[in-house]
Structures are given as C-alpha cells and as structure tokens.
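In what follows, a single structure is set out as structure tokens and then discussed.
The values are calculated or read from the model by the stated rules, or taken from the named source; none is laboratory data. Because the structure is a prediction, the values reported are computed rather than measured. As a convention, Cβ positions derive from the backbone with ideal geometry for all residues, glycine included, and neighbour counts pool all protein chains shown.
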Amino acid sequence: MSESWTGAILVGGESRRMGRDKAFVELEGRTFLARAIDAIESAGGEPLIVAHDGPAPFARFGRVVVDPPGPRCAMRGLGTALAAAVAPGPAIVLAVDYPRADAASLAVLRARLAAAPRAIAAVPREGDRLHPLFAAWRPEVAPLVEASLGRGELSLHRFLDAHERVLVDDLDRRLLINVNDEETRRAP
C-alpha cells in the first residue's frame with residue numbers, strides 16, 4: 001500500500017484516572033504522543049493530532065485539528081479524525097493512551113481493511129473486548145459518524161455493531177494495553 005494515509009492520534013480525553021495529560025506521560029523515556037507519532041511515521045503515515053480543548057499544547061508536534069463543540073466522546077474524536085483524514089487510504093485512528101502501538105501492527109490493520117472492501121474498519125479484538133481507537137477506518141464513513149452524533153448516538157461500539165467490520169484477533173495483546181493510570185503504565 002503506497003497511497004497517502006493519515007494516522008490520527010486522539011488526545012482529547014480528560015485523563016481523570018491518570019491525573020495529567022496522557023499525551024505527555026512517558027513510557028520508557030518517551031512520551032505517549034512521541035511514541036504514537038513515531039509508530040505512524042515508521043509505518044508510512046502522516047500524523048494528525050485530534051484535540052478537544054484546542055491546538056496550543058500540540059501545535060509543535062504537527063498538524064492539529066480540534067473537535068467541534070459538543071460532548072467529549074470517542075465518537076466525536078473519530079468523526080473529527082476521519083473528516084480530516086487524507087483520502088482515499090484507510091486511516092489509522094489511535095488513542096494516545098495506546099503507547100505500545102507499533103508500525104507493524106498499524107500496517108496489519110490497514111492491510112486487513114484493504115482486503116475487506118465492504119468493511120468500515122479493521123478493529124483489534126481481545127477476547128470480547130474491541131479496540132476501536134486502535135484501528136484502521138475508512139475516511140469515507142465520516143458522514144455516518146456525524147449522522148450518529150447528530151442523532152445523539154454516542155456509543156462507538158453500537159456504531160460498529162451496526163456496520164460491517166473486520167475483527168483482528170492476532171495482534172500482540174501487550175500492544176492493546178490501554179494505559180489510563182500509573183499502575184497500568186508500569187505494567188510490563
């Protein structure tokens with residue numbers, strides 16, 4: 001896959017459990033944000049930072065877009081990311097609190113989505129748990145996300161359930177650790 005693609009990094013969470021902005025928390029000497037940017041660039045993507053409260057803290061790291069007004073939720077971040085993505089290639093949408101994501105896993109997700117032309121996303125699955133904010137998405141579904149938001153439907157999992165998607169069961173489980181607190185950050 002040589003087409004241009006976007007790797008959207010969602011940095012709009014409130015970080016309540018962590019107690020500080022997760023984008024700037026370090027793991028193995030590098031911030032979560034730097035790790036996400038490196039993974040995307042190493043896989044051949046163009047990083048895009050999706051913020052909720054404004055671009056100021058993130059502007060020095062690259063292109064930043066800001067969520068439109070409305071509830072702070074994963075669906076809004078996804079919609080903002082997909083609307084700003086470079087089409088036509090599948091976009092990676094990666095929450096910043098997946099600091100172990102790597103270029104190989106992003107390439108697997110994009111390849112799985114490319115192989116399933118009717119699917120809207122390729123989403124890692126770990127047991128019963130889906131990871132839609134560590135997934136490959138088709139940018140052209142942005143209007144569907146926006147329509148759901150307009151109807152007040154904020155559940156990303158219900159959105160996925162209503163559409164065809166590819167479930168990816170063979171990513172290393174350690175990559176799928178969503179780091180929301182200090183205990184999880186210190187886990188091996």
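Miscellaneous remarks
- Members of the range 1-38 found to be under 16 Å from the mean Cα position of the chain (by Cα), modelled with pLDDT of 90 or more and basic (Lys, Arg), listed by number: 35
- Residue match in the range 159-169 (condition: under 30 Å from residue 28 (Cβ atoms), at pLDDT 95 or above and in contact with a helix residue (DSSP H, G or I) (Cβ under 8 Å, 6 or more places away or on another chain)): yes
- Which numbered condition residue 118 misses (of (1) touching a helix residue (DSSP H, G or I) at 6+ places or on another chain (Cβ under 8 Å); (2) closer than 29 Å to residue 68 by Cα): (1)
- Given (1) among the acidic types (Asp, Glu); (2) at pLDDT 90 or above; (3) surrounded by 15 or more Cβ atoms within 10 Å (Cβ to Cβ), index of the condition residue 41 fails: (3)
- Neighbours by Cβ (under 6 Å, 6+ apart or cross-chain): first from the range 157-180, under 22 Å from residue 100 (Cβ atoms); second assigned to a helix (DSSP H, G or I): 166/112; 168/112; 171/105; 175/105; 179/185
- Qualifying positions in the range 126-147 - touching a residue at least 40 places away in the same chain (Cβ under 8 Å), part of a strand (DSSP E or B) and surrounded by 18 or more Cβ atoms within 10 Å (Cβ to Cβ): 134, 135, 136, 137
- Hey, residue 100 among the basic types (Lys, Arg), within 22 Å of residue 166 (Cα to Cα) and assigned to a helix (DSSP H, G or I) or not: no
- When residue 107 is tested against (1) closer than 19 Å to residue 173 by Cβ; (2) crowded, with 24+ Cβ neighbours inside 10 Å, just one condition goes unmet, and that condition is (2).
- Restricting attention to the range 39-78, the residues being outside any loop (DSSP other than H, G, I, E, B) and either over 30 Å from residue 151 (Cα atoms) or small (Gly, Ala, Ser) (or both) number 11.
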